[in-house]
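Presented below is the structure to which this report refers.
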Amino acid sequence: MTTTTEAVDQVFLYIFGISVVLLLAITATMVWFVVRYHRTRQPQPQASPRSNLWLETAWTIIPTLIVLSMFWYGWQGYTTLRNVPEGAMDVKVSGRKWSWSFTYPNGRVSDILVVPVGRAIRLDITSEDVLHNFFIPAFRIKRDAVPGMHTYEWFVATEPGSYDAFCAEYCGVAHAAMITTIEARPEADFDDWYQRKYETKEEQENGRQQLATYGCTGCHSLDGSKMVGPTLLGIFGRQVKVTRNGQEHSLIIDREYLKRAIVDPQAELTQGYPPVMPAYNWLTAEELEKIVEYLEELQ
């Protein structure tokens, strides 16, 4: 099986190699002409032939063959990228401002993409808000994430390791922070991770997994660092100024405020931050309660 990395690299090296050969040939010819027809050697202009059938035929046929060969290699690479191997694992990729989430066939949801080494992974890609682009340089794949539309790409991790994935389509103020990780693990390690719904019992209980899964940590830090939105560290009990119905209000963050801010963030806008948070009014009461409980304890 030819991997996506091999397919793209072969095309790149072929075109790059031809380009280097042509560069050297053209440069050498240019230098030869400069020396051969320098004024010191040819003080008077000489008559030149008006045509040369063999030369004109050569510089027509040879470039045509080169371009056709590039097209052939490119087409082979393209078909490799679009033809998903049989038995590939399907993972749903969802982009949102400004994070990625991955849903596995068994229902597990993660904010990083964990894959088994040596197995083809098919990514079913979509977006929940604006146009994004899922880009994994290590595997030479890049595909748009379009709202209301599903695109796909596939790859194989041939050895264990961690690889970066980016959003390659400008999507707003935190576009540069829309980064996630692909973790390639041996089959046994992946199976152990895959069978567990959450990383730990603590994450299941305190709501941190929901924060990561639903993209909250893409805009809100958990360690006090500045991001697009206010940090969640020590948020409970903090005094903030908000704009409600065009009027400024000062309030203390409590459980009810946190629930309102999650479900309808545009109703009360925190001053000093852009009004870009989407409404999470589709969360269940249990999920919302877990998130608020975790934020209350995050001191």
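The values are calculated or read from the model by the stated rules, or taken from the named source; none is laboratory data. What you see is a predicted model; the values in this text were computed from it and never measured. Here the Cβ is made from the backbone with ideal geometry for all residues, glycine too, and neighbour counts use every protein chain on show.
Tabulated results
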read-out: Those residues of segment 246-260 which are under 29 Å from residue 175 (Cα atoms) and more than 34 Å from the chain's Cα centre (by Cα), in sequence order; value: 246, 253
read-out: Residue 1 vs. criteria among the hydrophobic types (A, V, I, L, M, F, W, C), surrounded by fewer than 11 Cβ atoms within 10 Å (Cβ to Cβ) and closer than 30 Å to residue 136 by Cα; value: yes
read-out: Test: residue in segment 45-57 that is over 14 Å from residue 154 (Cβ atoms), among the hydroxyl-bearing types (Ser, Thr, Tyr) and surrounded by 10 or more Cβ atoms within 10 Å (Cβ to Cβ); value: yes
read-out: Residue 294 closer than 18 Å to residue 228 by Cα and either touching a helix residue (DSSP H, G or I) at 6+ places or on another chain (Cβ under 7 Å) or not in a helix (DSSP H, G or I) (or both); value: no
read-out: From 265, 230, residue being in contact with a Lys or Arg (Cβ under 9 Å, 6 or more places away or on another chain), in a loop (DSSP other than H, G, I, E, B) and modelled with pLDDT of 85 or more; value: 230
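To keep it simple, each residue is scored yes or no on (1) within 27 Å of residue 171 (Cβ to Cβ); (2) modelled with pLDDT under 90.
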{"residue": "42", "(1), (2)": "no, yes"}
{"residue": "45", "(1), (2)": "no, yes"}
{"residue": "64", "(1), (2)": "no, no"}
{"residue": "99", "(1), (2)": "yes, yes"}
{"residue": "113", "(1), (2)": "yes, no"}
